[in-house]
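In what follows, a single structure is set out as structure tokens and then discussed.
The values are calculated or read from the model by the stated rules, or taken from the named source; none is laboratory data. Only a predicted model underlies this, so the values are computations on that prediction, with no experimental measurement involved. Here the Cβ positions follow ideal geometry from the backbone for every residue, glycine too, while neighbour counts run over all protein chains shown. Ligands, DNA and RNA are excluded from the accessible area calculation, which covers all protein heavy atoms including side chains. Shrake-Rupley method; radii C 1.70, N 1.55, O 1.52, S 1.80 Å.
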Amino acid sequence: FPDTRSGSAPDERLRLLVGLWAVVVLGFFSLSSLTLEHYMLPALPPLSLMVGALWAQSARTSEPLTSLKWLLTASAVGCAIVGGGLMWFADRLGPEAFFAWLAELNVYYRILREQGAVFPFSSVVLFAQLARELGGVLTVGVLVSLLLFCWRRPLAAFGAVTAVAGGVAILVFRLLLVIEPHHSAKPVAAVLKQQAQQSEPIVHQGSLEYSASLPFYTGRQIHVLNGRRGDLEFGSRYPEGQGLFLDDAELARLWQGPKRVFLVTREPGQGDVFAGHSGQPVFLLGRYGSRSLYSNHGS
């Protein structure tokens, strides 16, 4: 980012361009009726350039920049309120509260809530621990950064903010380890690899994007039941996709055939997919995290 001390016209135009970049991205996706978490990512580069330029300018001057000081002060106050609340209330929150928290972080949990599902984990203890630690990182880290900045140590203050970001990243990684058993397709894939012969079809109900590792771990082509809509819509029209995308009637015919068929589903309440086709045998082979495994043969 260029040196803005001169206040020259090119520098001012560049600063305006970067600011418009951030505003346009944030404004456009804020007006969207369907907003996902990652839509904000294109706004991070211009916002980073703007804040980085302020921090670099502060490091070159003898007095801390007032604008950046107030930004840090507002951040410290906000983080202290949120962080203190997390540390105080984490042990008092129940499954519904943590379910709402996960729904704000990931669209999958929002879908589960809309479908009327309950909290998909047996305990909230690990979630409460992560919430307390997040509260501590936010409260202490940003306050330390503000104090260092006020003591005319802008580089050390920047290091403190970077440490906060690193701490949050570590907590996110630990959160992934907590929810991984629920999301991973590896356990059900291991069972399929052991039991399913190459000639026996494996069918996944719904969008295969939510079980994208299933073909990898099984080493097999996976049939998709009512999952054409979504990321696979375009590719499903190619000749290679013919016969791999099934509807209920096609699955019913396949299920009644002589071959053993396996059905993997992660949709709550959809294990009775054959309710409209009486007389078909349906055997539950097991539940693996968020997935259930069915077959038309018991063994």
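The residues of segment 65-121 that are open to solvent by less than 70 Å² (accessible area, probe 1.4 Å), farther than 13 Å from L146 by Cβ and β-branched (V, I, T), listed by number, are V107, I111. Among the conditions (1) within 18 Å of C79 (Cα to Cα); (2) under 24 Å from the mean Cα position of the chain (by Cα); (3) open to solvent by less than 30 Å² (accessible area, probe 1.4 Å), S145 misses just one, which is (2).
Across segment 84-115, the number of residues qualifying as at pLDDT 85 or above, under 15 Å from the mean Cα position of the chain (by Cα) and among the aliphatic types (A, V, I, L, M) comes to 3.
Taking segment 161-215, which residues are polar (S, T, N, Q) and crowded, with 18+ Cβ neighbours inside 10 Å? Correct list: Q205, S207, S211. Against the list (1) under 20 Å from the mean Cα position of the chain (by Cα); (2) modelled with pLDDT of 85 or more, the condition V137 fails is (1).
Would you say Q221 is polar (S, T, N, Q), assigned to a helix (DSSP H, G or I), open to solvent by 70 Å² or more (accessible area, probe 1.4 Å) and at pLDDT 90 or above? Reasoning before the result, please.
Numbers: polar (S, T, N, Q): yes; assigned to a helix (DSSP H, G or I): no; open to solvent by 70 Å² or more (accessible area, probe 1.4 Å): yes; at pLDDT 90 or above: yes.
In short, no.
Pairs linking a residue in segment 224-242 that is at negative phi to a residue that is assigned to a loop (DSSP other than H, G, I, E, B) and open to solvent by less than 90 Å² (accessible area, probe 1.4 Å), with Cβ atoms under 6 Å and 6 or more positions apart or on different chains, are G227/G206; G227/S207; S236/R228. Considering the conditions (1) under 24 Å from the mean Cα position of the chain (by Cα); (2) touching a residue at least 24 places away in the same chain (Cβ under 8 Å), L155 is excluded by exactly one of them, (1).
Being without any contact (Cβ under 8 Å) to a residue 60 or more places away in the chain and under 16 Å from A157 (Cβ atoms) is the filter; apply it to segment 49-61 and report the residue that is most open to solvent (accessible area, probe 1.4 Å). Walk me through it before giving the result.
Restricting attention to segment 49-61, the residues satisfying the condition of being without any contact (Cβ under 8 Å) to a residue 60 or more places away in the chain are 49-54, 56-57, 60-61.
Pick out the ones that are also under 16 Å from A157 (Cβ atoms) and you get 51-54, 56-57, 60-61.
On the way: V51: 67, G52: 35, A53: 19, L54: 46, A56: 43, Q57: 50, R60: 108, T61: 59 Å².
The selected residue is R60.
Looking at segment 27-42, is at least one residue open to solvent by 50 Å² or more (accessible area, probe 1.4 Å), at pLDDT 85 or above, of a type outside the set (D, E, K, R) and under 30 Å from A131 (Cβ atoms)? Within segment 27-42, one or more residues are open to solvent by 50 Å² or more (accessible area, probe 1.4 Å), at pLDDT 85 or above, of a type outside the set (D, E, K, R) and under 30 Å from A131 (Cβ atoms).
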